[in-house]
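Only one structure is covered here, and it is reproduced in the block below.
All of the numbers you see were taken from the coordinates with simple rules; none came from a lab. Values in this document were obtained by computation on a predicted structure and should not be read as measured data. Positions of Cβ are backbone-derived with ideal geometry, glycine not excepted, and every protein chain shown enters the neighbour counts.
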Amino acid sequence: MSQYPAPSSRPVAGTATPSTDLELIRAVARKDRQAFKQLYDQYAPRIGSYLLKLLKQHEGVSEAVNDTMLAVWQNAERFDPAAGQLSTWLFGIAHHKGLKVLWQVGKFRADQPIDTLPPITLDEAGDREEAPQATTAPGPEQTVMGWELGAVLKWALDQLSPEHRSVIELTFGEDCSYPEIAKIVGCPPNTVKTRMFHARKKLAQLLAQRGYWDAAKLKE
Amino acid sequence: MPTIPMDRPALGAHEEIEALLPWYVNGALTPAETATVERHCVECPTCRAELEQCCLLAAAVQRNNIDEIWQPSPGDFDRLLADIDRLEAKPAFVAARSLTLFQRLRDWLGATPNSVRWTLALENLTVAGLLLAIALPLSRPTPDYETLSSRAGQPVAGPRLRVIFANAATMGEIQEILRSIGGSIVAGPTALGVYTVVLPVGARPEPTPAHVLTQLRGLHQIKLAEPIAEGG
């Protein structure tokens, strides 16, 4: 699933190179540092990229990735292959480490039910951050991909709550199924669907406000 | 392109299928769910439009992710290993702190030489015995020694005699006389030198007071031997 290159780092002692995720995590459970290095190289970039989207900033990502991998080192023997894939388990740990960072910086209040958050009004969204504006009406070339509006989409995704953003990222960035996302974020599968619905609705509102939604509709 | 209804009514079959569209796009539905979505989309223009929007969103998110790949810094893994080394150096100390008093005492005793351990055990046993004796005073045995004035030590049964020994009688002779009649001095001497001697009961053959008196009066170490009446 990962096409990220592995970074170079110091060599570590270990045994034979495990070939599957299960062998890898079992070797880590035996405190095999070479296997742990392999796991790190394989998953740290993916976990970090996900956390970067969740946190919306580079600050704190390295720490959250290392916290995640440290938890993996300490609890590798607890991984149950019958409960899901290794990546699901890892992203579940990473997600909660990411939320912890958000709580620490005060960007996320756990006591506020996510799906009852008031909808983002267009004025609020505009006040929060400098939103990219379509300087001219998008032409057919721009609307061919409809959502292919890099800066605007990034801005719109940043307006979503962490939980809505995480559902979008895990679905389209990590190709997770909704039951897997439910395990990662710790909620029922139907809640994942509901969050996706609200996330897409808010994205549509935000993009429409910047002129891109209408352009997409004009495509037909 | 039709307008996509965004206000969600109570979930029905259409809404259920619409909610699955993002995962139809990323290929993460079960075969049964995939077939259901495909059958529905053939007949539902709204879901087809939603599907198209999902595809565009997926493409945009993936493109955005390619532009924003996070990579660890060269020192990140080394820092992680250093953290692990620090944590793994701690457990002995942390475990010692979390031990109960009993566990710590047991560990300390385990590291103590045998001789010291036995000494400590004996000391503790002695202290425990003393504490027990103090705590349970009623269980102490009655002292064996009693003075002649102690009423509790006196036999209550048996004929009693009043005896005055000769001044020249030695201790050995008195003891021999008492042994020969099986008697015991239970009181005396009074100011006049009178002893009370009680005769045994149940001895076989049981000496009669008259016989004993005859025997005693025949001895030169006895100045006086008289029976004491019952109640007297």
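What to note about this one:
- Multiplying the residue separation of A:GLN74 and A:LYS31 by 0.36 nm and subtracting their alpha-carbon distance yields 14.6 nm.
- For the peptides A:78-87, B:20-29, residues were scored by their other Cβ atoms within 10 Å and the scores averaged per peptide; the highest-first order is B:20-29, A:78-87.
- Listed values for region B:70-85 are Karplus-derived 3J(HN,Hα) couplings in whole Hz (6.51 cos²θ - 1.76 cosθ + 1.60, θ = phi - 60°), namely 8, 10, x, 6, x, x, 4, 5, 5, 5, 4, 5, 5, 4, 5, 4, and x replaces Gly and Pro.
- Whole-Hz ³J(HN,Hα) from phi, Karplus 6.51 cos²θ - 1.76 cosθ + 1.60, for region B:185-202, glycine and proline x: 7, 10, 7, x, x, 7, 4, 8, x, 8, 10, 9, 10, 10, 8, x, 10, x
- For B:TRP70, the residues whose modelled amide H falls within less than 5 Å of its own, excluding neighbours fewer than 5 places apart on the same chain, are A:SER49.
- Selection of GluC sites (Glu not before Pro), region B:168-230, meeting DSSP coil and at most 12 other Cβ within 10 Å: B:GLU230
- Pairs spanning more than 26 Å between alpha-carbon atoms, out of A:LYS53/A:LYS201; A:LYS100/A:LYS154; A:LYS31/A:LYS56: A:LYS31/A:LYS56.
- Nearest-0.05 FRET efficiency for B:ALA191 and B:ARG217, computed from C-beta distance (R0 30 Å): 0.85
- Amide H contacts of B:ALA187: B:THR196, each under 5 Å away and 5 or more positions distant or on a separate chain (H built 1.01 Å from N in the peptide plane; Pro and chain starts excluded).
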